[in-house]
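The structure appears below as structure tokens.
The values are calculated or read from the model by the stated rules, or taken from the named source; none is laboratory data. These figures come from a predicted structure and were not determined experimentally. Don't worry about glycine lacking a Cβ; one is built from the backbone with ideal geometry, like all the others, and counts go over all protein chains shown.
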Amino acid sequence: MDIKKFENLIVNEMDKVILKIINDFQELNISAKARAGAEISDFLEDKFVKYTKNDKFFTKSEKSPRGATKNPWDAKTVFCLNNFQEIIWIDFKALKTSGKDSNPDIGTPNKIVSFIKEGNFYLLYIYVFYEETKKGLKFVKINGEYTKSYFLKDINHTFRRNPKNQLQVNMSELPKYRSREDFIKLLVNKIRESHERQIKISGKALKNLSQEESILLKKNKESEAKILENLK
């Protein structure tokens with residue numbers, strides 16, 4: 001088995017678990033208004049831990065500590081194959097069908113950099129889709145599938161790092177397989193491009209500061225003079 005088949009096996013087995021959860025809980029009594037995504041994620045985290053208790057491939061599953069909004073993963077598990085174990089971080093993304101073309105933050109690059117430095121690699125995004133119902137919401141299919149699951153390493157090449165140090169990608173963009181080495185090179189290049197954009201913006205702002213200072217001092221002098229004139 002090569003690396004690609006190994007990775008595909010992880011994704012396929014993960015999808016089996018998530019699809020079982022969705023089939024067992026097609027509708028949820030969760031308001032599809034504000035914060036629905038966080039509540040759905042919390043639901044999936046909890047069920048994932050329970051559904052993988054005696055799984056053939058996944059073990060030691062954990063959900064994110066309650067209230068830990070800065071935790072680098074929503075759920076964590078260990079994939080087991082032929083006495084080999086690989087830590088998998090999971091990031092659940094629940095998308096309302098009306099927002100499937102949105103560009104939400106998908107996490108800081110710092111966490112994947114640290115994860116790789118620790119000897120790991122696989123951060124798995126699992127997208128699920130929902131619509132509002134009278135009682136709450138229901139899971140629905142997009143392009144014939146309930147889920148869209150892929151490793152960060154296979155993210156669409158259009159992703160970017162924004163000034164807040166968050167990665168972003170349009171939700172409608174499809175993943176594309178690449179090697180682990182190619183992903184590292186792409187990620188570093190995206191981070192480099194982002195810093196270069198920020199340097200350019202900062203350079204332009206710094207260049208204009210002296211002129212802005214002169215204008216502000218001049219305007220202040222004029223307005224101050226008017227005050228003094230009226231105080232005579």
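When residues of segment 96-119 are filtered for being more than 14 Å from the chain's Cα centre (by Cα), among the β-branched types (Val, Ile, Thr) and farther than 19 Å from TYR130 by Cα, how many remain? Total meeting the criteria: 2.
If we scan segment 212-231, do we find a residue that is of a type in the set (D, E, K, R) and under 29 Å from ILE88 (Cα atoms)? Steps first, please.
In the first step, residues of segment 212-231 are kept if they are of a type in the set (D, E, K, R); the result is 212-213, 218-219, 221-222, 224, 226, 229.
With the extra rule that they be under 29 Å from ILE88 (Cα atoms), the set shrinks to none.
Within segment 212-231, not a single residue is of a type in the set (D, E, K, R) and under 29 Å from ILE88 (Cα atoms).
PRO65 satisfies every condition listed in (1) surrounded by 13 or more Cβ atoms within 10 Å (Cβ to Cβ); (2) out of contact with any strand residue (DSSP E or B) (no Cβ under 6 Å at 6 or more places or on another chain) except (1). Only one of the numbered conditions (1) charged (D, E, K, R); (2) loosely packed, with under 14 Cβ neighbours inside 10 Å; (3) closer than 26 Å to GLU132 by Cβ is violated by ASP74, and that is (2). Summed over segment 78-108, the residues that are at pLDDT 95 or above and of a type outside the set (Phe, Trp, Tyr) give a count of 9. Would you confirm whether any residue within segment 56-71 is modelled with pLDDT under 95 and touching a helix residue (DSSP H, G or I) at 6+ places or on another chain (Cβ under 7 Å)? Checked segment 56-71: at least one residue is modelled with pLDDT under 95 and touching a helix residue (DSSP H, G or I) at 6+ places or on another chain (Cβ under 7 Å).
Scanning segment 111-146 for residues that are surrounded by 18 or more Cβ atoms within 10 Å (Cβ to Cβ) and under 26 Å from PHE6 (Cα atoms) yields LYS111, ILE112, PHE115, PHE121, TYR122, LEU123, LEU124, TYR125, ILE126, TYR127, VAL128, TYR146.
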